[in-house]
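Input: a single structure, listed below in structure tokens.
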Amino acid sequence: MRTLITGGTVLSMDPAIGDLERGDVLVTDGVITEIAERIDAPDADVIDATDRIVMPGFVDNHRHTWQTAFRGVGADWTFPEWAVAMHGTVKPHYLPEDVYAGTLLGRLEALHSGVTTMLDWYHVAQSHEHEDAAVAALRDAPGRSIFCLGAGWGTPDPVDAEIRRVRSDLTGDGLVTMALGLRGADDTSIDTVARDLKLAAELGLRTSVHVVGGGDERPVADLHEHGLLRDTTTFVHANGITDEELRMLADAGSSLSISPDVELKMGFGSPMTGRALAAGLRPTLSVDDVPSVGGDMFSTMRTALAVQRGLDGGLRSRDLLEFTTIDAARSCGLGDRTGSLTPGKDADIVLLRADDLTVVPFGNPAGTIVSAGHPGLVDTVLVAGRVVKRDGALVGVDVPALRARLLDSRDRIAAAAGVALDGTWIPATGGE
Ligand SMILES: [Zn+2]
């Protein structure tokens, strides 16, 4: 099985290959086998990439996909309001089929927007049925996904037996793999963190953890002092940590996931892109919560760039593309599989429309993608060589049926929780 993607503008995101103003990419059995200005492969299926940008798919390393049913409802929420609304008010009414519908549509939406790899940071409920529903949804969407079994915000810590059960199902040989979501060092004991990290290491799992910091809290320094920083851990947000703590993360080889829109809107403080770089840490970007923000990486990159340029004039468009492809792939432990167009890596590839009215006249590819990109440009998406979106439409997905299913789910949950969809129920319910 060979596929030739021909005649596009290639942004490989591989420093050894660089950009090709006009290039071809050959895919053999799901793996990129050649990238050159012209490739002769007469027996290959051809994807015409004329007027297209050919680049690696995006990687989102932190999204709570179960919340998709409440898209837009939380656009004006602060962080405490989000916690009351999503975790305190609607989450208790989620059934496994709601988790399935939200996760499936959310994962497909991400694919539709060119996100070929996504980490689903799961914290909706601890039950076999809810977890299995999320995993089933990730498997039913033809993307590369990481099911991050997590804790926090009223969800009990997953017990060891449950972590082992899910691990025995997600053995790592398919497109859906597993990670462990840790409760933050600022809301559990250091002994618990140590215990969870030990189990994660035993099971070969990467970990992800939300961190706040600031004031008297020094969560990263605490972990450092106890020898608990790992190169397999991604720290999410961390807006309040000190520069010294950022250097500890850099020295340990840990990753940082910044969710610029959520952090700014919900009151976490400025995204730390510039500070992280100054500390020697390559940041990555994530969507986080779709009740509050859109589910694509274009707007995420644009916000991150604008914030940092506003603070100190730093960052360039190319940096943002690296954060959302090669750097994010490394943060998921997938740097040798995806994140760049490199021979030997899996063919996780997106074709963006360079002839769309919103981006013509087309000149500077990286600058155009970051300054003016949007999901409407995503024409074709391949995951491990399989075409999952073609000519702007997901392949084999009944979108109206899926939409109807999620609408039913949302309306049922909202009715059970007694909430309106304008997001104003927070003051009335008070919170818990
Ligand atoms: Zn999060």
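FYI, it's all coordinate maths here, none of it is from the lab. For clarity, every value in this text was computed on a predicted model and none was experimentally measured. Cβ sites come from the backbone with ideal geometry, for glycine too, and all protein chains shown count toward neighbours.
Structure data summary
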{"quantity": "Selection from 334, 286, 311 lying farthest towards where the dipole of region 242-391 points positive, charges on Cβ", "calculated": "334"}
{"quantity": "Most fluctuating residue given options 133, 16, 200, as computed from a GNM of the chain linking Cα atoms under 10 Å", "calculated": "16"}
{"quantity": "Residue-span extension gain [residue 393 to residue 243] - 0.36 nm each, minus C-alpha spacing", "calculated": "49.6 nm"}
{"quantity": "Region 1-67: GluC sites (Glu not before Pro) in DSSP loop, at most 10 other beta carbons within 10 Å", "calculated": "37"}
{"quantity": "For region 318-325, 3J(HN,Hα) per residue [Karplus equation, 6.51 cos²θ - 1.76 cosθ + 1.60, θ = phi - 60°, Hz, x = Gly/Pro]", "calculated": "4, 4, 5, 5, 5, 4, 9, 10"}
{"quantity": "Label-point separation, residue 198 to residue 357 (7 Å along Cα→Cβ), nm", "calculated": "6.3"}
{"quantity": "Rounded to 10°, Cα long-axis angle of helix 243-252 versus longest principal axis of the chain", "calculated": "60"}
{"quantity": "Using alpha-carbon coordinates, inclination of helix 399-417 to the longest axis of the chain, degrees", "calculated": "10"}
{"quantity": "Within region 211-306, percent of DSSP bridges classed antiparallel, to nearest 5", "calculated": "10"}
{"quantity": "Mean projected area (nm²) of the alpha-carbon convex hull when the chain is viewed from all directions", "calculated": "19.9"}
{"quantity": "Theoretical ellipticity at 222 nm over the chain - DSSP helices of four or more residues, -39500 (n - 2.57) apiece, nearest 500", "calculated": "-10000 deg cm²/dmol"}
{"quantity": "Furthest towards positive pole of dipole, 99, 268, 421, structure part the chain, Cβ charges", "calculated": "421"}
{"quantity": "Magnitude of the charge dipole, the chain, Cβ model with Lys/Arg +1 and Asp/Glu -1, debye to 20", "calculated": "240"}
{"quantity": "Top of 216, 289, 408 by mean-square fluctuation, Gaussian network on the chain, Cα under 10 Å", "calculated": "216"}
{"quantity": "Cα centroid of region 324-362 to Cα centroid of region 187-242, whole Å", "calculated": "29"}
{"quantity": "For the chain, built as a Gaussian network whose Cα springs stay under 10 Å, the top-fluctuating residue of 179, 366, 125", "calculated": "366"}
{"quantity": "Cα-centred dipole magnitude for region 249-391, charges only on beta-carbon of K, R (+1) and D, E (-1), debye, nearest 20", "calculated": "160"}
{"quantity": "Whichever lysines have a C-alpha closer than 21 Å to that of residue 345, once near sequence neighbours (fewer than 8 apart) are set aside", "calculated": "389"}
{"quantity": "Top positive-direction residue, dipole computed over the chain with Cβ charges, set 214, 30, 354", "calculated": "354"}
{"quantity": "3J(HN,Hα) from dihedral phi, region 326-335, Karplus parametrisation 6.51/-1.76/1.60, rounded to Hz, x for glycine, proline", "calculated": "5, 5, 5, 4, 4, 5, 9, x, 10, x"}
{"quantity": "Under 22 Å from residue 198, Cα to Cα: lysines that are on another chain or at least 8 residues apart", "calculated": "none"}
{"quantity": "Compactness relative to 2.2 N^0.38 Å, alpha carbon Rg of region 289-432", "calculated": "1.33"}
{"quantity": "Largest-first principal axis extents of the Cα set of region 138-237 (Å)", "calculated": "45, 27, 24"}
